[in-house]
Amino acid sequence: MTTAAFTPGTEARFAVARHVADAVLFEGYVLYPYRASAAKNRLRWQFGVLAPPSWSAAAEEHDFQHTECLMEPRTGAELAVEVRFLRAQRRTVEELREDGTFAPTGELRLADRVLVAWDEGVEERVTLVVPVAELRGDGTALPFTRPAAEEVEEVKDADGRVLGRLVRRREETSGTLRISAAELDGPYRVERLTVTVENTSAWTAERDTDRHAALPHSLVATHTLLRLDGGSFLSMTDPPEWAKGAVAACRNLHTWPVLAGEPGRDDLVLSSPIILEDHPAIAPESPGALYDATEIDEILALRTAALTDEEKREARGTDARAAAVIELADTMPPEVLERLHGAVRSLQSVTGPKKPAGSILEPETPWWDPGGDTGVDPGSDHVLVDGRAVRAGNRVVLRPRLRRTDAQDLFLDGRSALVEAVLHDVDGGVHIAVTVEDDPGADIRREQGRFLYFQPDEVEALEDL
């Protein structure tokens, strides 16, 4: 067993997985509008928090993560492990008084930012390389400790005068990484790998201790990267038929392992507190980290760019990563922003290499091409309603059916509407696209193609057809 640096090959493989792991590490780190004063930034660190044992016993957060997955190591294979987490570094703000001493203050206002108290995230790593053969039986355990520390940074104005200082404090945090492997019975040489990360900090929670006090002693956003230099891991989401029973018997507590890296390779695993699919990847259109992946990058970029100058000053002073988001939104070129508007990855032929027409992978006339079938024209096609042909330009009365509608459609019962198109889907169904008469937004809906859709038995033809 060694905690030495990884080989170049292992480091290169982990670098591939870290692109996604970084998104896990900083998910929810600071949320739009990226200001410390925002209500949703006052309860932070939502994922993968391993609390001190004395706190987890009284709270709903846990002091460990437990991963089990299956692997097929070759003889002499080594396992490389990297546990990553954040430490909550408590930052306070002090102003310089006239007598030359420093005193705590709520904020320190500078020309370009407003500095306030905040918990910063400091990235930590625990690494281990161990021969798989040494993991059988009791396995191995690696205790680790990150000592307490304090750092002071002077804050100066544009003329170089000292206005105050930032004091950053980190508390001692300890943990243990435990790894073992056991060969399973059966005709296939497969082993169950067990990885447990524990918070073993000796900090003691008092009766009135709250989560804010426990966080500096916690491992935050904890996740684990695993790599075999010889052999492979099995998918826990889509295992081969012969391994489904063994996969079902694995226990994964407060984390979930998936294959990482490029599709088609199986030497990497990311065990994450956020459930992912195999081979997760960052969208190539994403311009940079926005730390709020529960939202859409385009919306975040537009909203961030629209913040007031004062809001941006506070965001810049909240955290260096928040300041980077403000800079990203303010300097994003139009062509980069346009890329965020959407992409349909299933239509690979749109952007991928052109395949021979008529091939199995790409038919000569793709079904999704509106012009692929000249016998279908939404603007002129018709459908029979009560024995009468209804097409674009005709008027109908809407009669939504309870069995397949929602409350909004029920409000349209009895309203007259103009038919905009008659559409046929690939399953043989017919849909009537309409705009409601007397709707003040009808022209906008028509211009954008955002119609309401009803089936033929949900409309009545009007007499003026």
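Placing a label point 7 Å from the Cα of HIS19 along the Cα-to-Cβ direction, the residues of segment 238-262 whose backbone N falls under 12 Å from that point are 261-262. About the centre of its Cα atoms, the chain shows a dipole size close to 1000 debye [charges on the beta carbon of Lys, Arg (+1) and Asp, Glu (-1) only; nearest 20 debye]. Dipole magnitude for segment 208-249: computed about the Cα centre from +1 point charges on Lys and Arg Cβ and -1 point charges on Asp and Glu Cβ, it is near 80 debye. When the accessible area of segment 393-465 is split by element with a 1.4 Å probe, what percent falls to carbon and sulfur? Carbon and sulfur together cover 47 percent of it. The alpha carbons of the chain stretch over 85, 76, 47 Å along the principal axes, in descending order. Prolate is the label for segment 36-142, because the ratio a/c of its alpha-carbon gyration tensor axes (a ≥ b ≥ c) is 1.5 or higher and a/b is greater than b/c.
Placing dummy labels 7 Å off each Cα toward the beta-carbon, the span from ARG74 to LYS40 is 4.8 nm.
When segment 45-135 is described by a simple charge dipole with +1 on each Lys and Arg Cβ and -1 on each Asp and Glu Cβ, the residue from LEU96, VAL130, CYS69 located farthest towards its positive end is LEU96. Counted residue by residue at 0.36 nm each, then reduced by the alpha carbon distance between them, the extension gain from ALA305 to ARG251 reaches 15.0 nm. Using R₀ = 41 Å, calculate the FRET efficiency as 1/(1 + (r/R₀)^6) where r is the Cβ-Cβ separation of ILE296 and ARG207; round to 0.05. E(calc), rounded to 0.05, equals 0.40. With no solvent and one point per C-alpha, what does the Debye sum give as log10 I(q)/I(0) for segment 19-84 at q = 0.15, 0.16, 0.29 Å⁻¹? Results for segment 19-84 at q = 0.15, 0.16, 0.29 Å⁻¹ read -0.74, -0.81, -1.21.
The modelled label-to-label distance for the pair GLU172/ARG321, using points 7 Å beyond Cα in the direction of Cβ, is 2.7 nm. With the cut-off at under 19 Å, measuring from each backbone N in segment 123-162 to a point 7 Å along the Cα-to-Cβ line of ASP185 picks out 137.
Think of a 1.4 Å ball rolled over the protein heavy atoms: segment 134-279 then has 49 Å² of accessible area per residue. Counting only residues at least eight positions apart within a chain, or on another chain, the aspartates and glutamates with an alpha carbon under 16 Å from that of LYS312 are GLU107, ASP112, GLU327, ASP330. Residue separation of LEU384 and ASP439 scaled by 0.36 nm, minus their Cα-Cα distance, works out to 17.2 nm of gained length.
Once the C-beta distance of ASP330 and VAL152 is scaled by a Förster radius of 35 Å, the resulting FRET efficiency is 0.70 to the nearest 0.05. Normalised per residue, the accessible area of segment 7-118 is 43 Å², obtained with a 1.4 Å probe and no contribution from ligands, DNA or RNA. In nm, to one decimal, how far is the modelled label at ARG109 from the one at VAL430, with both set 7 Å along Cα→Cβ? The two pseudo-label positions are separated by 6.9 nm. Using the Cβ-Cβ distance between SER286 and GLN448 with R0 = 22 Å, the FRET efficiency computed as 1/(1 + (r/R0)^6) comes to roughly 0.25.
The values are calculated or read from the model by the stated rules, or taken from the named source; none is laboratory data. Only a predicted model underlies this, so the values are computations on that prediction, with no experimental measurement involved. FYI the Cβ positions are ideal-geometry reconstructions off the backbone, even for glycines, and counts take in every protein chain you see. Just the protein is used for accessible areas: all its heavy atoms, side chains included, with ligands, DNA and RNA removed. Shrake-Rupley method; radii C 1.70, N 1.55, O 1.52, S 1.80 Å.
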